[in-house]
Amino acid sequence: MIALLQLPALASPDPVWSAMALTALLGGALCLDESAVVQSWLSQPLPAALLTGLVWGRPDLGLALGVPLQLILAANLPVGQSFVGDAVTATVAVTGAAAKLQPDRTGFGPGFLDAVLWGWLLLGVLLLSLAGHWLITAERAAFGLWMHEGRLSLRDGDMRRLESLHRRCLTLTFLRGAVLSVLFLLLVQEAWLTLLRVAGPFCGRWVAWLPLLLCGAGLGSLWERFNSRRAWVWVAAGMLLAVAVRGVSS
């Protein structure tokens, strides 16, 4: 883990456009992974934030943002119409914007990510995720219309038309992830973080509590869903491992 946190950026931040391009590719690939192709769960908030942090050379920041998001969104699985929001592009965008904001700070500790800024970034992920929900809904509605045409392939035996429609659906999903990841990143950088300077004096003390509230609510949700003593043995073991890694790295 210590070696992982010391990895150099996969894309040099100078020029930044190379990292932005990798961020777009990562966002598109993770959106495909979420429900369309592999479903490896790398699109979940924690691995998505960690991978974005690796792209920008800040895996520690990816962990800081990904852990509370993973806890609160663990039960928000992209299955049918039960999911809420677009957590993938929101997580990738906010993690990338935060890494651009603090490219030179490394390691866990006071000051690597101010508590108010930490809460503000997490709030940005949640709001952007809700904003992206309607695009996913529209995308799935378009898929339904296209697949009505695909049924003709089953009748006349022309599988090429069905394969073409399938590629069209996958392409649209990838483009949604790639474009939204970059647009949301720029929005966070230019507007959301700027708004913090105005809103900070009024809501800073409340926003600073958000990381703890998300973790508490997420653990409560997991307890309600998986009320199993065996599961909590693994949760406790993971927390002890995190504390041990923190102690060794400091």
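Checked against (1) open to solvent by less than 50 Å² (accessible area, probe 1.4 Å); (2) at pLDDT 85 or above, residue 144 meets all criteria but (2).
Looking only at residues of the stretch 152-208 that are polar (S, T, N, Q) and modelled with pLDDT under 80, we find that the one that is most open to solvent (accessible area, probe 1.4 Å) is 164.
The values are calculated or read from the model by the stated rules, or taken from the named source; none is laboratory data. Keep in mind the model is a prediction, meaning the values are calculated, not measured. These accessible areas exclude ligands, DNA and RNA; they are computed on the full protein's heavy atoms, side chains included. Shrake-Rupley method; radii C 1.70, N 1.55, O 1.52, S 1.80 Å.
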